[in-house]
Protein chains: 2
Amino acid sequence: MYKLLKELKVDLGERSYPIVIGSGLLGSYDLTPWVSGGQVMIVTNETVAPLYLEKAKACFPGKQIDVVTLPDGEEYKNWQTLNLIFDGLLEKRHTRHTTLAALGGGVVGDMAGFAAACYQRGVPFIQIPTTLLSQVDSSVGGKTGINHPLGKNMVGAFHQPQAVLIDTDTLGTLPAREVSAGLAEVIKYGLIRTPEFLDWLEDNIDALRALDTQALGEAIYRSCECKAEVVSLDEKEGGLRAILNLGHTFGHAIETFAGYGNWLHGEAVGTGMMMAADLSVREGHISEADRTRADALIRSAGLPDKAPEGMAEEDFLSLMAVDKKNVDGQIRLVLMRALGNAWVTADYAPENLRATLKAFTS
Amino acid sequence: MYKLLKELKVDLGERSYPIVIGSGLLGSYDLTPWVSGGQVMIVTNETVAPLYLEKAKACFPGKQIDVVTLPDGEEYKNWQTLNLIFDGLLEKRHTRHTTLAALGGGVVGDMAGFAAACYQRGVPFIQIPTTLLSQVDSSVGGKTGINHPLGKNMVGAFHQPQAVLIDTDTLGTLPAREVSAGLAEVIKYGLIRTPEFLDWLEDNIDALRALDTQALGEAIYRSCECKAEVVSLDEKEGGLRAILNLGHTFGHAIETFAGYGNWLHGEAVGTGMMMAADLSVREGHISEADRTRADALIRSAGLPDKAPEGMAEEDFLSLMAVDKKNVDGQIRLVLMRALGNAWVTADYAPENLRATLKAFTS
């Protein structure tokens, strides 16, 4: 049957939930203990459905199972696609006692989670992330939502899942580019809070890119553990939690400029983390050697190290001005005091920010 | 300046908030103690804006105030209109520290509240309800949301306001038909839980229809108080709170059949309460005299006593099948054990339900 690698509890009081990590879980692991009603709506996309839908159904024995299959891509993370989920739920007469199950990557998880947060003012959901990025990112934190033409993730809700099932076998069908994008977020956990994980990553980056099951299970576990710690300390993003956005303010600007879906989220975050390291050097917080080490690890994961062709300083500044972290118009950024120690601040010299933007644009 | 009539605290632990009821509040009452950031987005509609927008702005001295004006009507309570609010917030660069203020009736309140629940995953909001229905209904409970073509309020969130400001003067510009619709919900509070309020209503129904300020203040206060009690006992609608839906399962079916906006919500609820009373008689819970008394009060408020022309039993049954209260396909209804004592149940004879539907359809 399946091989359980690790299990983790995300501790949020009465909203606590387990993350089950293993190989061969899809098709054999019983998820019905986390389904309180008789109905399950699996939300997936047209890429993932042919690969894993039948196996996912087998995780809900004895339940009424219906399926909504969305188009695949960040460009569909919008109202129109979200409505397909509500259409399916209402056409199949799912009540407020239904459970949604998100089978796919971050886009499917964000949309199914947001649909669960809003359907009849809130129903439970289960995450079955099938990409490395979603396994190490959206598994923990309860963030759900959709994009708006004027900004990513501008509309959404905090909604915690009942359980998260991570089957590392799903990474076997993931394009190498998406593995790299996922590794960007994995590296992030090392950079913000866990220096010893950085050492481990430097030793194991090749095994991870080669999809070694044991290494993947370990990296996913340590990533989720780090995120769970941060989220437990700050569920609604009052302060500490913002460090999870290392590289994201630059990264979101890149994604928006490039047009959703042209740069992968993780790719943009990879470049964004290099930019944050660059600004941290200019501000005198970390050494040139630290920056070189961070850059080397990010590059060894196969991630880009420059903003998109044609993107200028002004594009960054205007796109970064709508970031959610901002307070009364000031751009707040996550910087590093040391490798493995990040914090959020608006206290930096504007000319240093400009110099960083200049260094990464062409 | 203004005359404060009543003040009520809705007790929900850390989500508690005040309801301020008075005359002349708009234009002079300072709402900034409930605004934590520097930005306010007033959401209103094209009917209310010319009457009260300038006065509402005066309640937020010293703040950046922007406005989104929606088209007026239940038929606009949908994604497209909701997006106008997000467009406005993003175009004016409102951050997650903004406060939304809903100035208008229930549709404006439901949409502004839902926008507040979702914008950047949740920002605070203030309710300034300007119709009797919204003053006695959506002021308390935190229910927000929009309609779906397959059902009313199917997409939404629980999101409590920071404060509610009720200026009874706004009822002076309300069409008589909407006053009657609001009185349906007022009467509902008597029927579900407060028999002594029924006595008071029978004595004061004419003063209420004549928009007597003192009588209105009292009726609004007692309605909000009753709803606040029920909601405090059951914030997320686990059980007791469902009694607030007296007449609503029938009523929603009527509204959907008639097409949103053709019957007012309160009109449909008025007829729906008569239907609930009728079924309560057939089930042997209340006497024929009780039903006659309830019907007389509902009629004296100026409310309709028949389902729309052309609506058949089967229309009711199929539309009621998607109601949120249903569990695994069974239609649950709010019935009365006595006038002033309601509960929710699926325990009734199907032939009695059919007889009730038959009696109210032509």
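Only the coordinates and a few stated rules stand behind these numbers; no lab work does. Note that the coordinates shown come from a computational prediction; the quantities given were computed from them, not determined experimentally. Reconstructed Cβ throughout: ideal geometry from the backbone, glycine too, with neighbour counts over all protein chains shown.
Quick notes
- Helix-derived mean residue ellipticity, 222 nm - over chain B, DSSP H n ≥ 4, -39500 (n - 2.57), to 500: -13500 deg cm²/dmol
- All Cα-Cα distances of the range A:149-236, cut into 5 Å bins from zero to the largest, leave 3, 11, 20, 21, 19, 14, 9, 2, 0 percent in each bin in turn.
- Signed unit charges on C-beta, dipole axis of chain B, positive-most listed residue B:Leu333, B:Ser318, B:Ala101: B:Ala101
- Residues whose amide H comes within less than 5 Å of that of B:Gly105, counting only those at least five positions distant or on another chain, are B:Thr130 (H built at 1.01 Å from N in the peptide plane).
- In this structure, B:Ser232 and B:Ala338 have a Cβ-Cβ separation that, at R0 = 30 Å, corresponds to a calculated FRET efficiency of about 0.85.
- Around A:Asp167: net Lys/Arg minus Asp/Glu count, Cβ-Cβ under 11 Å: +1
- Rounded to the nearest 5, the antiparallel percentage of DSSP beta bridges internal to chain A is 45%.
- Shape category assigned to the range B:3-172 from the gyration tensor of Cα positions, a/c cut at 1.5: rounded
- Cut-off under 5 Å, modelled amide H: who pairs with A:Leu5 long-range: A:Ile21, A:Gly22, A:Ser23
- For the range A:1-67, the relative contact order is 32 percent, taking Cα pairs closer than 8 Å that sit 6 or more residues apart in sequence and dividing their mean separation by the residue count.
- Per-residue mean of C-beta atoms belonging to partner chains within 10 Å, peptide B:77-84: 2
- Virtual spin-label span in nm between B:Lys306 and A:Gln80, 7 Å along Cα→Cβ: 4.5 nm
- Computed from point charges on the beta carbon alone (+1 for Lys and Arg, -1 for Asp and Glu), the dipole magnitude for the range A:176-360 about its Cα centre is near 200 Debye.
- Sequence-distant residues sharing a close amide H with A:Ala163 (under 5 Å, placed H): A:Gln127
- Where both bridge residues fall in the protein assembly as shown, DSSP classifies roughly 45% of the beta bridges as antiparallel.
- Electrostatic bookkeeping for B:Asn147 treats Lys and Arg as +1 and Asp and Glu as -1; over the other residues with beta carbon under 11 Å from its beta carbon, the sum is -2.
- For the range B:86-243, the square roots of the Cα gyration tensor eigenvalues, ordered a ≥ b ≥ c, give a/c of at least 1.5 with a/b greater than b/c, which places it in the prolate category.
- Point-charge dipole on Cβ atoms (K/R +1, D/E -1) for chain A, about Cα centre, debye to 20: 860 debye
- Trypsin sites (Lys or Arg not before Pro) restricted to DSSP loop in the range B:269-362 with at most 15 other C-beta within 10 Å: B:Lys306
- The overall shape of chain B is prolate: from the C-alpha gyration tensor, with semi-axes ordered a ≥ b ≥ c, the ratio a/c is 1.5 or greater and a/b exceeds b/c.
- Phi angles of the range A:65-72 translate, via the Karplus equation with coefficients 6.51, -1.76, 1.60 and θ = phi - 60°, into HN-Hα couplings of 10, 10, 9, 10, 10, 8, x, 9 Hz per residue; Gly and Pro are given as x.
- Dimensionless Rg over Rh [the protein assembly as shown; C-alpha; Kirkwood]: 1.01
- Hits among lysines - C-alpha to C-alpha of B:Lys55 under 21 Å, sequence gap 8 or more where chains match: B:Lys3, B:Lys6, B:Lys63
- Each Lys or Arg adds one and each Asp or Glu subtracts one; over the other residues with Cβ under 12 Å from the Cβ of A:Val108, this totals -3.
- Counting only DSSP beta bridges with both residues in the range A:3-172, the antiparallel share comes to about 35 percent.
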